[in-house]
1. Is the shape of segment 105-225 best called rounded, prolate or oblate, per the rule: a/c under 1.5 gives rounded, else a/b larger than b/c gives prolate, else oblate, with a ≥ b ≥ c the square roots of the Cα gyration tensor eigenvalues?
2. Per residue and in Å³, how big is the convex hull formed by the alpha-carbon atoms of the chain?
3. When only Cα pairs under 8 Å and 6 or more residues apart are kept, what is the percent relative contact order across the chain?
4. Ranking request for peptides 254-262, 18-26: highest mean number of other beta-carbon atoms within 10 Å first, then the rest in descending order.
5. Could you give the length gained by full extension between residue 213 and residue 285, i.e. 0.36 nm per residue of separation minus their alpha carbon distance, to one decimal place?
6. Residue 130 to residue 152: extension gain in nm, 0.36 nm per residue of separation minus the Cα-Cα distance?
7. So how tilted is helix 119-138 from the main axis of the chain? Cα-based, degrees 0 to 90, rounded to 10.
8. Expressed in nm to one decimal, what extension gain is obtained for the pair residue 26 and residue 142 from 0.36 nm per residue of sequence separation less their Cα-Cα distance?
């Protein structure tokens, strides 16, 4: 365990020092996309992997977080809230505001959607995401419709302006580390054990006294909040959002792909999935243009067929098998 903590600490130090040695802006952009992908995967994995509630509509939470952040930064009445605390901290407050909006919507949604189960729950979340898209397209007084929202001012955190890849790199690195730590803390406590029990057998967990509906709603709210953080950062990084960008099915599918390819129901699975899919997607785009999605699909099929536990789960199984062989050899000698 101490060795594992040492590896984690060393990895964090390396990531913190990385921009000092990498001057290539495209590589920094790649790392930003990877860290964003980790948040994608962790948010979906908390609900779909650890709780067993398969969602096809996580784009809804991503979009609410994105629009909540954008409205906080562009609305005069909302931006005054930042002055109460510290006007320079607006981007952080904006992301938190988007997350809180998502929690509110999710709480109301959870009381309804969890009346469904199995594939009907997944279809229900997909329908909710499509409803979110339709509302965003037509509620022009809030979302500006299909024209989207453009951030004209450069956001800053204290004396640091969010300009250039390096500043965004550090912001998303902090958000990613907090996300992984948050999910880790949930899964090592009572709530995490309850979620795993719900995943394995919902009726048995309920018979054992687990308030399944309450904890499924809590898991949905926590998962949605993490997706909203990703949406808020996306707004700051890109500087422009529109309904079809943030409420798209592609966003939901990407979250699922990252988790399945990396390893469903594992803490490190989304990390591995984000690295693999982000790197491969950029490589495939340069060779196959829009057809890279076909390669994406083929990769997913291969992983499901030959590595159903995901890349991380497969490698971990091989490593444990090798350790067992080496331990047996030591005993025999």
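The numbers here are math on the coordinates, done by the rules we state, and not lab data. Keep in mind that this is a model prediction, so the values were computed, not measured. Glycine gets a Cβ as well: all are built from the backbone with ideal geometry, and neighbour counts include every protein chain shown.
1. Note, shape of segment 105-225 comes out oblate.
2. 177 Å³
3. Working: 464 pairs, mean separation 102.8, N = 333.
The normalised contact order for the chain reaches 31 percent.
4. 254-262, 18-26
5. 21.7 nm
6. 5.1 nm
7. Orientation of helix 119-138: about 20 degrees from the principal axis.
8. Full extension from residue 26 to residue 142 adds 38.4 nm.
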